[in-house]
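Down below is the structure, laid out as structure tokens.
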Amino acid sequence: MYKVLLTHRSLKDLDALEKHDRIRVIKKLREYAAEPLKFSCKLENPKIGTYRLRIGDYRIVFDIDGENLVVLRIGHRKNIYR
């Protein structure tokens, strides 16, 4: 199981979400921490991150660093890749 680490930017992104979306994202992150690569897709442009997870209309951009899942960004699918 990976340890989930949130960057300062991802914490700000999480705080900007509505409460029910925030709870949903946190629940799914806990589930995905067991096997994140099973549920993720590799990004074509690694400038913003290496992998992404899909949670409804929201995307989580993250990297794997040893035993840590480092969350870089959290946002709506129409804005996250800009």
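The values are calculated or read from the model by the stated rules, or taken from the named source; none is laboratory data. Bear in mind that the values here come from a model prediction, so they are computed numbers and not experimental data. Cβ: placed from backbone, ideal geometry, glycine included. Neighbour counts: every protein chain shown.
Odds and ends about this structure:
- Within the stretch 8-64, restricting attention to residues that are in contact (Cβ under 8 Å) with a residue 40 or more places away in the chain and more than 18 Å from N79 (Cβ to Cβ), the residue that is farthest from the chain's Cα centre (by Cα) is I64.
- Count - residues of the stretch 27-51 that are within 18 Å of K12 (Cα to Cα) and either small (G, A, S) or touching a Ser or Thr at 6+ places or on another chain (Cβ under 8 Å) (or both): 1
- Helices (runs of 4 or more DSSP H) contained entirely in the chain, each with at least 3 residues that are surrounded by fewer than 19 Cβ atoms within 10 Å (Cβ to Cβ) and modelled with pLDDT of 95 or more: 8-16, 19-32
For every residue, the table says whether it meets (1) touching a helix residue (DSSP H, G or I) at 6+ places or on another chain (Cβ under 8 Å); (2) among the charged types (D, E, K, R).
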{"site": "M1", "(1), (2)": "no, no"}
{"site": "T7", "(1), (2)": "no, no"}
{"site": "L43", "(1), (2)": "no, no"}
{"site": "G56", "(1), (2)": "yes, no"}
{"site": "D63", "(1), (2)": "no, yes"}
{"site": "V70", "(1), (2)": "no, no"}
